[in-house]
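The structure appears below as structure tokens.
Every read-out reported here was derived from the displayed coordinates using simple, explicitly stated rules and does not represent laboratory data. Since the structure is predicted, the reported quantities are computational estimates derived from the model, not experimental observations. Don't worry about glycine lacking a Cβ; one is built from the backbone with ideal geometry, like all the others, and counts go over all protein chains shown.
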Amino acid sequence: MKWYCSMIGDYESLLILEDDEILPIRPSISEKSLEGFCLYKSGLKGSPLTVRVQPVKSVTGKDMVCDGGWKNGKNMSAYLSAMSTLHTAKGNRGPYTEPCPRCFEMPIQERHRGCEHHPGNPHVFRTGNPRMSETMLNTYQNVQADLVGHVVNGDTPLTPWELLQIREHLLVQNCVHSLQIWTMIIIGTALFLRSDEILDLKFNDKNGKNCIRWDLCQVRDGHVVSLAFSIQGT
């Protein structure tokens, strides 16, 4: 969020993100900047970033493009929850409000009185929780709808005990297919590969990527002593 606000020139929103406790005023993060950041993270990677039908430009005048880092709607939920907690901790509770131009234009000596719309309570900077604004609630629903088709891949590694159970289950079947599956599992474990990366391994590849390196393998008396693979990371 700090990087995004800096790139679009919203420096006022950076104040609440600072750890310095001596700052007397910490305006809420701009509703529009928070909306733009969520669209930046959830949009298709490389696609133009637009907020409220307007293209977003950086401080250098270049068009911003989406990062596409959020594939799962839970990412946005967790992030907005953290933003709500941050605003509460910094004293910005209640409905989100933008600064009032009339309050801001009053002479400094009289600004504390507020304008005719905010007597005794001048609105000279953003207050409240932008997460709960109507705009952000709508943005949240739209992003969740766009990401609803995402299928979460498993990210929990197998434990040694689970590997032993899998090995016992497969090898007791005494068939080539089960032996092939066990070989794939143990190779993936040794090389720290995900299941989709294991499936991408090839027997041979003309470019020498993601395949068995037969020139480096060791076979003695018909028994495979060691296997070597060429893995290209992403």
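Just a few scattered comments:
- Identified option (computed Cα extents along the principal axes in Å; candidates [x] 62, 42, 29; [y] 95, 39, 36; [z] 56, 43, 35): [y]
- Between 0 and 90°, nearest 10: helix 176-191 axis offset from the chain longest Cα axis: 50
- What you get for segment 160-230, charging only the Cβ of Lys and Arg (+1) and of Asp and Glu (-1), is a dipole of about 180 debye around the Cα centre.
- Comparing Asp215, Asp67, Asp19 in a Gaussian network model of the chain, where Cα atoms under 10 Å apart are tied by springs, the biggest mean-square fluctuation is seen for Asp215.
- Given R0 = 30 Å, the distance between the Cβ atoms of Ser77 and Leu199 translates into a calculated FRET efficiency of 0.45.
- Percentage relative contact order, segment 160-230, counting C-alpha pairs under 8 Å, at least six apart: 16
- The mean sequence distance of close C-alpha pairs (under 8 Å, at least 6 residues apart), as a share of the length of segment 103-182, puts its relative contact order at 13 percent.
- Residue-averaged [θ]222 nm for the chain, counting only DSSP H segments that reach four residues, each worth -39500 (n - 2.57): -11000 deg cm²/dmol
- Nearest-ten-degree value, helix 73-89 long axis tilted from longest Cα axis of the chain: 40
- If the chain linking Ile108 and Ala228 were pulled fully straight, counting 0.36 nm for each residue of separation and taking away their Cα-Cα distance, it would gain 35.8 nm.
- Among the listed pairs Lys45/Lys90; Lys32/Lys71; Lys62/Lys90, those whose Cα-Cα separation exceeds 27 Å are Lys45/Lys90; Lys62/Lys90.
- Packing order of peptides 125-135, 46-56, highest average first: 125-135, 46-56 (average count of other Cβ atoms within 10 Å over each peptide's residues).
- Residue order, fewest to most beta carbons within 10 Å, for Lys74, Lys2: Lys2, Lys74
- When you restrict to C-alpha pairs under 8 Å that are six or more residues apart and normalise by the size of the chain, the relative contact order lands at 13 percent.
- Helix axis angle, 134-146 relative to the chain longest principal axis, alpha carbon, degrees: 20
- Ranked list, fewest to most other Cβ atoms within 10 Å of each Cβ, for Cys100, Cys217: Cys217, Cys100
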